[in-house]
Amino acid sequence: MKRFVYINDESYQNDYCDNQISNTKYTLWNFLPKNLWEQFRRFMNQYFLLIACLQLWSLITPVNPASTWGPLIVIFAVSATKEAWDDYNRYISDKQANEKKVWIVKNGARKHIQAQDIRVGNIVWIRENEEVPCDLVLTGTSEPQGICHVETAALDGEIDLKTRVIPTTCIGLDSEQLHKIKGVIECPIPDKDIRRFDANIRLFPPFIDNDICPLTINNTLLQSCYLRNTEWACGVAVYTVHTQFSLEGKHVDNVCLKERLCLLDNTLCVAVEIYSNEIIKIIIIRIHENNTAPCSHHMSGNETKLGMSRGVPEPKLTAMDAMIDKLTGAIFLFQLAVVVVLGSAGNVWKDTEARKQWYVKYDDDEPWYQILVIPLRFELLCSIMIPISIKVSLDFVKSMYAKFIDWDEEIYDQETDTPAHAANTAISEDLGQVEYILTDKTGTLTENKMIFRRCCIAGTLYGNESGDALKDIELLNAVADNSPHVIKFLTVMALCNTVIPIKSPSGTISYKAQSQDEDALVNAASNLHVVLVSKNGNNAGQQIKTFVDAVDKYAQLGLRTLCLGWRELSLEEYLEWSRLFKEANSALVDREWKVAEVCQKLEHTLDILGISAIEDRLQDGVPETIEILRQSGINFWMLTGDKQSTAIQIALLCNLISSEPKGQLLYINGKTEDEVARSLERVLLTMRITSSEPKELAFVVDGWALEIILTRYKEAFTELAVLSKTAICCRVTPSQKAQLVKLLKSCDYRTLAIGDGGNDVRMIQQAHIGVGISGREGLQAARAADYSIGKFRFLKRLILVHGRYSYNRTAFLSQYSFYKSLLICFIQILFSFVSGIAGTSLFNSVSLMAYNVFYTSIPVLTTVLDKDLSEKTVTQNPEILLYCQAGRLLNPSTFAGWFGRSLYHAIVVFLITIHAYANEKSEMEELSMVALSGSIWLQAFVVTLEMSSFTFLQFLAIWGNFAAFYVINLCISTIPTAGMYTIMFRLCRQPSYWITMLLISGVGMGPVLALKYFRYTYSPSAINILQKAERSRGPMYTLVNLESQLRSEQGNSTNSILTAPVKNKNSVYEPLLSDSPMASRRSLASSSFDIFQPAQSRVPAAYPRNIKTS
Amino acid sequence: FIFDFFNARLHFGCSRMQMYPLEMEGNSNPKTTNKPKYSKFTQQELPACKPLLTPEIVIAAFALIGALFVPIGLASLHASRQVVELVHRYDASCVPVDDKVGFIQNSRTDKTCTVTMTVPKYMKSPIHVYYLIDGFYQNHRRYVRSRSDKQLRYKSAAHLTSDCVPEGDTADHAPIVPCGLVAWSLFNDTYTVRVNGVVTQVNKKDIAWKSDKNNKFGKNIYPSNFQKGRLIGGATLNESIPLSEQEDLIVWMRTAALPTFRKLYGRIEKDINANDNVTVVIQNNYNTYSFGGSKALVLSTASWIGGKNNFIGIAYLTIGGLCLSLAMGFLVLYMVKRRNFGDPSNLSWNR
């Protein structure tokens, strides 16, 4: 379907919708029902609502309904307020954008109107540094050449300026004429393919001619771009805000929905980031709704299709969340079992015993539902087994983890002024559980800062000695001599690209390039006095780049090679080709393919001029980071679009694979299916045989073979993937990258994908965790990612420090939340055995509510400050990450431990309470308060025992909360109408109360402490060993610092040291360790030793020696 | 051009700002960096102490607990042993016939019963007189909530009897004050005590909590329609005495959390010597027979720990002893099997 936009013709304008932006999710009227409806779609909320409703039936409720309604309403109010506030901000920013004044042409005169009143077909004028209000087709600019510059940073994060040209048919119109032009633009309806804008423009007479002129994305100004370096520009509105959220950029194909939604407006984007995926769906639905009203005839759910075809990213659920859900499910089943057993026991007891209890006065004829009453009472009593606070607590700590990442100074990149950012605040724990890292090469491992290093012109190799062709005397001489080959080479190098030269008033020329390679080439050429000044008129050099993987030599050095060639064209040949090219360019269907075909016609029988070689340096700290992360048991796969030899070279340089004696590289290649199959079989066989050997095996596969494998031999490859710790995949496409991630995910591995460019976006979104490097290729990857960092080396800290701590903290928090709810619930169950199994609640409503909401949830929140091991220890012993990867801190067996503990503690609290407060003291309110205080005492000790480190905040939270318990209850005890009036004062005056508390704590904690100590001493986990080691190493920190300094200096000096095998750490130091005089000399001695033997004080080695000398 | 570049930078900063407002604040000035502000909290570097479960600490902790618990245990056991307590179960002996339920439900039978006890030790006043009931579920869900606290306190709330089912209103819909099963089942045995044949006053003043008398039971609320129904539960109340003075009711309405409980009947403010004979004339009215419960009369003195309760003392001694032996055990283990486990060479990946 096509759309015809009549320029400046009001009679057609009403066919299309206006430019009013509306991103608000709610109106004043539908806010409450809509918000509630959304909140109640979550299972947990439904559960709590059901419980709360059941409590309204006073016959069965054991407590005041307020004890459930209170927290429920608070939780709901909090999230509703948050929603309302966000929506209000959206409304405000919509209003601002809608009421912005823009100039349009109306009836031949310029008029100032509000942005929301722009209609399709209007001519919109924009001045320098103004934002484009809707998608425009350029018709005029202030520049005589008919170009203008736009900045698309708001769309794709690229800060380089892009050139936009006006269609040829509009060239030369002065601003007077621009007021009057009429014409028609034939363009596709807003469709899902936003990479292209395949349209035509035809101006009506008297303007120039009525030729059809093709339009491309280069003739458009897209909404929310900024006009730069151009005094003014004007264009015809073709898509208004409602109709297209298009986006320009070289990697548009991969642009995620999230990014495009950013266009709607910025606050919305924030919402998207905060609420991750839930909202995305909502937005899509809304887009649909909005468009069905005025624009239904051409929208008809198009955007929805768009959203769907791009794939709404699945909500990311961490492995921990899944485990917590599973445990919640198990607890739910347990709860049902308890309800069934106790419910029927209660009914039996009622019929056999309670009828004899005349004082209970059961009726003989009861309504039918009486049989349900006792089970339902137990359901309500046990409903606290699933803690209502866990969701809120988890949300809180998770956002704290994300904040800690944002705040971390050590992963702030000075060079590019980028702090780390956690866009997805919900998945920090997964960072600690990563098993596979899939990494891009260019820009991720390397700096993506291209430097022209060597070249080969007409058989002569330049730059071999110095490693820098620009300083090679021979080449400089050749340039000075005007050697024809060299000059031709440099001319091609300077011209055949898409670089835009920008001349500043002072006369210096700078280049704006979309590709770092091209930038490097043009700069190199200009250094050799071939300066690209302006590119007007010369269309002859349509990209005649052909990549020939010729010079292996350069590739072996890890350089990026480019082969330059040329051919002379006759005028006729050019004119003929130019016509074809133009034709292809104005095609509305398959334009890209047609253009490529035409280009192909030109690019043949080229004379090879020479080969350029560009270096892309490794980023700082990449080899160390990879080494440490591999030590921690993470497997690395490198996925790159580069060619095989370059990829292998880089892999060697950055420790990904080892050279021959230690490691072995297995190649999977072949052109046909059979070849690939045989190759795969062979590799798999070798892999199986050698899997027991300590040899480091890795396989290399290229994109072609991978395509065959992924379609035909998926099972064999899956087996290979499981066996192989390292893999290099070269020449892979973005979708193959994503497929590989999917494959590893299907094997139940936790995957992390890291990349910097638009071609990594799919992979990043597909992986459990996507990390984007905010690099030179723009922010696309960083936008799509869950975490964005400035440099690859920060990944180490992100995983080992943030990921690991987050995992540990959540493991404790979640299990503790269940522990404390189970504790109180078990006490209730035990009490039911002495209260005639009738479902009486031992605790009063206020206590129950406060227990869950205040007393037990606040201290444990300080677990966000807990550190079991120092950051240094973790980085020095990355193997410790295994505990997180294998999920050893949160699994059914650890949970069983907590379950057992809560049962034990409940029994302790209950038995001691009923025995100490027996006979004349067994007053209901007092006894309940004694049991509650016992639980509070125990939980304070449990938190204390389970935390590994205490800052003053933790101390304050635990014992402050403890004190607050007494203060609160003393306060409540002063209210005469409260059930527990004077109770707390009474208890506090009784010595037997305090003695009972002490007894409960002693009996409750003694065995826990003894067991923990026993395990800690006689079968310590690695974490315990390191904790102990950390302690005994206390005074040695200075030494460690010194060593790390030394290490960083060496790191800069040579790469060869770092690539050398470093596994033999123990053997190197063992002789020194047994040397006792050495050991007694302590830090000074050993550090001076380091200075003399710097090569040996590398990362893994530093550690054991420290211990022995202390 | 430099100016343009500056503009571009500036704008870039702003747009980033809008995209990530969480990230940084105030970014309009291009000189400010995005560098996170340093603080010990944000860098997770707050000074922390890391207590480890070293043998020294753990052994010391257990020894300390033991050393603390044993004396407390001895003290509480001593206190508990100082309490002189006489318990006399009378529910069986006071009913001479086999049909106990029939006997107790018959309003015309003479239910007087005399029991005699000999005091083993000198009992210092005040001597508390309790009645003990066993097998009575005052904590039953249906029973414990069948009351109206508002009605007990406010005159205007007399009609608030909805919680009191099935003892809320009389058959002709007049509210019962005090309503509910708890009040309805008020204990109604009475005791007359003679020491060595001399009638001794059992003081029934101030047996209820002062706070209850002052704040939970109204001074201007008088019983009405109480025990006027078809079934009589327990005691009747004198309708000319306000609820705040009905101390037996107040005591009874402090429901017990356990099916075995004692409630204060009164105090004897006179010492009783060892070997004195205490004769109690009991009006055995209360029906514990239909549900197989038992009743007893308890005379007891008190100590700082309350009534006689050996549990706390024994528990303390047991735990203290266990802790001491654990400390010893750990110490021996520590001596015999010395482990320097803080050696990283023990780590599996370093072996």
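Read the figures in this text as sums done on the coordinates, not as results from a lab. Computed from a predicted structure; not experimentally measured. Here the Cβ positions follow ideal geometry from the backbone for every residue, glycine too, while neighbour counts run over all protein chains shown.
When only alpha carbons are used to place a centre, segment A:973-991 and segment B:98-140 end up 31 Å from one another. Taking amide H as placed 1.01 Å from N in the peptide plane, the amide H of residue B:224 sits under 5 Å from that of B:177, each at least 5 places away or on another chain.
Quick check on chain B: take the gyration tensor over C-alpha atoms, sort the square-rooted eigenvalues as a ≥ b ≥ c, and tell me if it's rounded (a/c under 1.5), prolate or oblate. Because a/c hits 1.5 or more and a/b fails to exceed b/c, chain B counts as oblate.
Within the straight-line cut-off of under 20 Å between alpha carbons, the lysines reachable from residue B:337 are A:1012, A:1028, sequence neighbours fewer than 8 places apart in one chain being disregarded. When the charge dipole of segment B:85-302 is built from unit charges on Cβ atoms (+1 for Lys and Arg, -1 for Asp and Glu) and taken about the Cα centre, the candidate among B:278, B:96, B:240 whose Cα reaches farthest toward its positive end is B:240. Karplus-based coupling profile of segment A:404-419, in residue order and whole Hz: 4, 5, 4, 7, 5, 5, 6, 10, 8, 8, 4, 4, 9, 6, 10, x, with θ = phi - 60° in 6.51 cos²θ - 1.76 cosθ + 1.60 and x standing for Gly or Pro.
The share of C-alpha pairs in segment A:24-101 whose separation exceeds 17 Å stands at 56 percent. An oblate overall shape is assigned to segment A:609-673, the ratio a/c of its alpha-carbon gyration tensor axes (a ≥ b ≥ c) being 1.5 or greater and a/b not exceeding b/c.
Look at the alpha carbon pairs under 8 Å that are at least 6 residues apart: their mean separation over the length of segment A:321-386 gives a relative contact order of 54 percent.
Using +1 on the beta carbon of Lys and Arg, -1 on that of Asp and Glu, and nothing else charged, what's the dipole of segment A:24-101 about the Cα centre, debye to 20? For segment A:24-101, the charge dipole is close to 220 debye. Listed by chain and number, the lysines whose alpha-carbon sits under 23 Å from that of residue A:745, ignoring those within fewer than 8 places in the same chain, are A:258, A:316, A:326, A:441, A:714, A:725, A:737, A:796. The average projected area of segment B:239-347, computed from the convex hull of its Cα atoms over all directions, is 16.9 nm². For segment A:852-867, backbone phi angles converted through the Karplus equation (6.51, -1.76, 1.60; θ = phi - 60°) give residue-by-residue couplings of 6, 8, 10, 3, 9, 8, 6, x, 6, 5, 6, 4, 5, 9, 6, 10 Hz, Gly and Pro being listed as x. The GluC sites (Glu not before Pro) found in segment A:347-447 that occupy coil by DSSP, while having at most 15 further C-beta atoms within 10 Å, are A:415. Applying a threshold of 23 Å to the alpha-carbon distances of B:228/B:263; A:100/B:35; A:356/B:150; B:150/B:228; A:34/A:391 flags B:228/B:263; A:100/B:35; A:356/B:150 as lying beyond it. So which of A:162/A:582; A:350/A:820; A:398/A:872 end up more than 29 Å apart, counting from Cα to Cα? Those over the limit are A:350/A:820. For segment A:19-51, the set of trypsin sites (Lys or Arg not before Pro) satisfying both a DSSP loop assignment and a count of at most 15 other C-beta atoms within 10 Å is given as A:41, A:42.
Legend: residue pairs A:921/B:205; A:25/A:101; B:155/B:216, Cα-Cα distance threshold 22 Å; pairs beyond threshold, A:25/A:101.
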